[in-house]
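Let me begin by presenting the structure, written as structure tokens, before commenting on it.
The values are calculated or read from the model by the stated rules, or taken from the named source; none is laboratory data. As the structure is a computational prediction, the values presented were derived from the model and not from experiment. For neighbour counting, all protein chains shown are included, and Cβ atoms are generated from backbone atoms with ideal geometry for every residue, glycine included. Calculation scope for accessible area: heavy atoms of the full protein, side chains included, ligands and nucleic acids excluded. Shrake-Rupley method; radii C 1.70, N 1.55, O 1.52, S 1.80 Å.
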Amino acid sequence: MQDTSPEMSVGESAGSIVDPGLPLDELVARVERDFQQRFGRVPQWLAAAPGRVNLIGEHTDYNDGFVLPMAIERYTVMAAAEADGAAGGADVRLYSSTVKQAERFHIGASDFRQLAPWARYVYGVMAGCREQGLEPPALDVLIDSTVPLGGGLSSSAALEVATATLLEAVTGKRLDPIRKALLCQKAEHEYAGMPCGIMDQFTSVLGQASQLLLLDCRSTEVTLVPLVDPDVEVLIINTNVKHELTGSEYPLRRSQCEAAARAMGVRSLREASPEMLAEFSASLEPVLQRRARHVIGEIERTETAAKCLAAGDWARVGELMYASHASLRDDYEVSCRELDLLVELAQKHGAGGKVIGSRMTGGGFGGCTVSLVRKDHLEPLAAAIAADYRQQTGVAPSLFTTRPAQGAQIVRTKVG
Ligand code: GLA
């Protein structure tokens, strides 16, 4: 069947179903061009921040546990110039080329609920930066992004972190990286109403080329785990479905974890153990037991996976990824039919070591899977998985590979 959907046509035009993506420098050039067209002059400052994919350690960050993510080669780029003749003060004019919408606000003085949802992130981070002494002049700002929106690859964290980085460029002041990540997380809590953990913002700020970040979310200590084997590809497949529209499942999981920890008399599930869970099996509600079992097991799997990766034990890493998926599906109940199908197809077509491991990544209820794939088999595997997925769901998936990318960066600071 001839495919005409936009998701497929990008990859197909290059003779492959795997989308090669737009390099950062080309995205930056596009943003500069769009800025000039929209605002009639060249931007003075440019900043970029990546999305992320999590290899393992899902729904553990807000339980003080471990996560093992990396920044991806998909970015949000923001360009800005001092406003000429605008209202002055903290007046900001925004344009998003991604959603083709304009917004306008006064930092700290507008009702953010009146803004389009994407602009609330920018508003929230700018308000937070201002509290930290990063006070910009009136600005014109243009945004564009290659991070898929709503695909579980942290497009919102990329936007938050790009905003904070842009204000660092504009004001010439630097935020401590951890404080910067926390400021962005706070904006997401307060201005988007999403009680997320710290993984996404941390990864977007602290990502490093060729490295996974083993982040201890209790101490915020980061251990770098190299991912440099040239024969192993990180393949991301977007289900292109989103089932959870109200956003209520995430806060519910979070409060269930807190309730389970409270019932067992510990500060967080990081402090709990399988033995403790067994001890409380009579008194703890079954649903809370399942949630806690996932988190306790996942924290352990993540630490083990980091060790196995460092030792090159790919077989074990793969087992841990599949086990993580099963636990998210059965105990944490945040997967969905399409995610399960992609993992099953990876396992089926990847038999014999072509696929090392596969699992859902991010919050769940749609979004993406992450798979470790042997490079030699990538193209036929990707084609087979995509064809079967499409046939069974009627939806075209999007596929791309990525190396671990560098975190947020100032692309241009005003000269002179
Ligand atoms: C979302 C949140 C993260 C994390 C993941 C699940 O991406 O923003 O903080 O909790 O879900 O691991």
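Couple of notes before you dig in:
- Annotation note: Cβ proximity below 6 Å between a residue of segment 9-24 that is small (Gly, Ala, Ser) and assigned to a loop (DSSP other than H, G, I, E, B) and a residue that is open to solvent by less than 60 Å² (accessible area, probe 1.4 Å) and modelled with pLDDT of 95 or more (sequence gap 6+ or interchain) occurs for Gly21/Phe400.
- Of all residues in segment 186-202, none are more than 16 Å from the ligand (Cβ to nearest atom) and touching a residue at least 40 places away in the same chain (Cβ under 8 Å).
- Of all residue pairs spaced 6 or more apart or on separate chains, those with beta-carbon atoms under 6 Å, a first member in segment 153-167 that is in contact (Cβ under 8 Å) with a residue 40 or more places away in the chain and within 16 Å of Ala80 (Cβ to Cβ) and a second member that is assigned to a helix (DSSP H, G or I) and open to solvent by 10 Å² or more (accessible area, probe 1.4 Å) are Leu159/Tyr121; Glu160/Tyr121; Val161/Val205; Ala164/Lys180.
- Count - residues of segment 357-416 that are of a type outside the set (A, V, I, L, M) and part of a loop (DSSP other than H, G, I, E, B): 13
- Check on Val295, within 24 Å of Leu342 (Cα to Cα), in a strand (DSSP E or B) and in contact with a Gly (Cβ under 7 Å, 6 or more places away or on another chain): no
- Sub-8 Å Cβ pairs linking a first residue in segment 57-73 that is polar (S, T, N, Q) to a second residue that is within 11 Å of the ligand (Cβ to nearest atom) and at pLDDT below 95, at least 6 apart or interchain, number zero.
- Residue match in segment 37-51 (condition: open to solvent by less than 40 Å² (accessible area, probe 1.4 Å) and charged (D, E, K, R)): no
- Flag if Leu342 is open to solvent by less than 10 Å² (accessible area, probe 1.4 Å), farther than 26 Å from Cys217 by Cβ and modelled with pLDDT of 95 or more: yes
- All of Arg262, Arg253 fail the test of being within 16 Å of the ligand (Cβ to nearest atom) and either open to solvent by 40 Å² or more (accessible area, probe 1.4 Å) or among the charged types (D, E, K, R) (or both), apart from Arg253.
The rows are residues; the columns are (1) of a type outside the set (Val, Ile, Thr); (2) in contact (Cβ under 8 Å) with a residue 40 or more places away in the chain.
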site: Ala263; (1), (2): yes, no
site: Ser268; (1), (2): yes, yes
site: Ile296; (1), (2): no, no
site: Val317; (1), (2): no, yes
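- Scanning segment 194-209 finds one or more residues that are closer than 20 Å to Trp45 by Cα and of a type outside the set (Gly, Ala, Ser).
- Complete set of residues in segment 309-333 that are buried (at least 17 other Cβ atoms within 10 Å of the Cβ) and over 21 Å from Glu344 (Cβ atoms): Leu309
- For beta carbons closer than 7 Å, sequence separation of 6+ or different chains, a first residue in segment 325-339 that is among the basic types (Lys, Arg) and a second that is crowded, with 19+ Cβ neighbours inside 10 Å, the qualifying pairs are Arg329/Ser335.
- Of all the listed residues (Lys173, Lys180), the sole one being in a loop (DSSP other than H, G, I, E, B) and under 30 Å from Asp84 (Cβ atoms) is Lys173.
- Count of segment 166-193 residues which are over 16 Å from Ala127 (Cβ atoms) and open to solvent by less than 30 Å² (accessible area, probe 1.4 Å): 2
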